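The structure appears below as structure tokens.
Quick note: the coordinates plus some simple rules give every number you see, no bench work behind them. The structure presented is a predicted model; accordingly, all values stated were derived computationally and were not measured. Positions of Cβ are generated from backbone atoms using ideal geometry, with glycine treated the same way; all protein chains shown enter the neighbour counts.
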Amino acid sequence: MQQTTTAPQITADYLAHARQKRVMNMILLIVFVALLIGGFSTANARNAGGFWNGLPNVFDFPADVLSEAWERAHLLPGYFVKYLPSLIETVNIAGAATLIGALFAFFAALLATRGLAPAPWLVAPLRRLLDVLRAVPEIVVALVLIFLLGGGPVPAMIAIALHTVGALGKLFSEVNENASLKPVDGLASVGAGWLQRMILGVVPQVAPNYLSYTLLRFEVNIRASAILGFVGAGGIGYDLRNTMSWGQGKFDEAAAIFLLLFGTIIIVDQVSSYFRDRLTHGRAYKDKGAIL
């Protein structure tokens, strides 16, 4: 005879599970706080006690930048014009890296997707290669390339492109796994080759997602390109490092560079979000869900 579960028993089991979950969350919180305190203590020890002493002054630099920018606000438009070419260089680095990385990721994803790869033994090695490219930070690759090739935008572009291949290759392969195989099988039945099956049977299904992920990656690469400028890879990040290193007297220019960079990221984010919505949903939304 099957035993039925009563309502009080269900309630008791739920409360026990909730208590267990709260205990686990508390343990994780304690571990996190302990690691945080340990990390701060290590930083303080390695800085000869200067970390804790300097912590109260963490907002001094932003205050100096804002105050100097406010005093020289009338000069900001001129600084925008001055550093606009560097901003364009940063966007160009991100754009070239995204284009090259997406192209290589496209072919890598097709070769690394189970059920679509022409040689199944290639799937595992290619996936591990994509993992490595995605795991290594761009700044590490850029530092190595700067040591080998010298400073400039080329090392930054190569470093970002390699990371883009790993990131987009993973996303593209996951999109490929959700594609219907019926068009592929139909093309195979009439003698189409592997490349023809991929271009005619798979790409039309996944192209909107490919473009959406590529636009999203372009946003990320603009930020990465600006950061790599701090290590001598060119672009607006290089100018920002110079103005911040100069100290007092150049903080207004640093503020102008920050505003240029933030404005560019916001504009790119809004534009790419619009196009991503059009690509993935086939429409754009206005107020209260109205369709354009």
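Which whole number in µm²/s is D for region 40-188 by Stokes-Einstein, with the Kirkwood Rh taken over Cα pairs at 10 °C and 1.306 mPa s?
My calculation gives 81 µm²/s for D.
May I ask you to list, by number, the DSSP H helices of the chain whose Cα span along the axis is at least 20 Å and whose average Kyte-Doolittle hydropathy reaches 0.0 or more?
Membrane-span-like by this criterion, though nothing is claimed about a membrane: 7-46, 76-111, 153-177, 203-228, 251-281.
Taking only C-alpha pairs under 8 Å that are 6+ residues apart, what is the relative contact order of the chain in percent?
On the way: 305 pairs, mean separation 65.4, N = 292.
Normalised by residue count, the contact order of the chain is 22 percent.
Expressed in nm to one decimal, what extension gain is obtained for the pair residue 266 and residue 64 from 0.36 nm per residue of sequence separation less their Cα-Cα distance?
Numbers: separation 202, 0.36 × 202 = 72.72 nm, distance 2.46 nm.
Working it through step by step, the gained length comes to 70.3 nm.
Determine the distance separating the Cα centre of region 120-166 from the Cα centre of region 56-115; give it in Å without decimals.
19 Å
Would you mind calculating the gained length between residue 73 and residue 46 on full extension (0.36 nm times residue separation, minus the Cα-Cα distance), in nm to one decimal?
Numbers: separation 27, 0.36 × 27 = 9.72 nm, distance 3.94 nm.
So the chain would gain 5.8 nm between residue 73 and residue 46.
Kirkwood Rh over alpha-carbon pairs of region 194-272, then Stokes-Einstein at 10 °C and 1.306 mPa s: what D in µm² s⁻¹, rounded to an integer?
After rounding, the answer is 107 µm²/s.
In nm², what is the average projected area of the convex hull enclosing the Cα atoms of the chain?
Average of the hull's projected areas for the chain equals 27.8 nm².
Taking just the alpha carbons, could you work out the radius of gyration and Dmax for region 117-234, both in angstroms?
Computed over the Cα atoms of region 117-234, radius of gyration and Dmax are 17.7, 55 Å.
Bins of 5 Å, beginning at zero and ending with the bin holding the largest distance: percent of Cα pairs per bin for region 168-219, please.
Distribution as computed: 5, 21, 27, 20, 14, 8, 4, 2, 0 percent.
Treating cross-link reach as a plain straight distance, find the aspartates and glutamates whose alpha-carbon is under 19 Å from the alpha-carbon of residue 21, omitting any fewer than eight places away in the same chain.
13
Which order do the peptides 133-145, 263-275, 89-101, 30-42 take when ranked by the mean count of other beta-carbon atoms within 10 Å per residue, highest first?
Put in order of decreasing packing, that is 89-101, 133-145, 263-275, 30-42.
What value in Å³ per residue do you get for the convex hull of the alpha-carbon atoms in region 133-202? Before the final figure, lay out the partial values.
Working: hull volume 6.5 nm³, N = 70.
With only Cα atoms used, region 133-202 gives 93 Å³ per residue.
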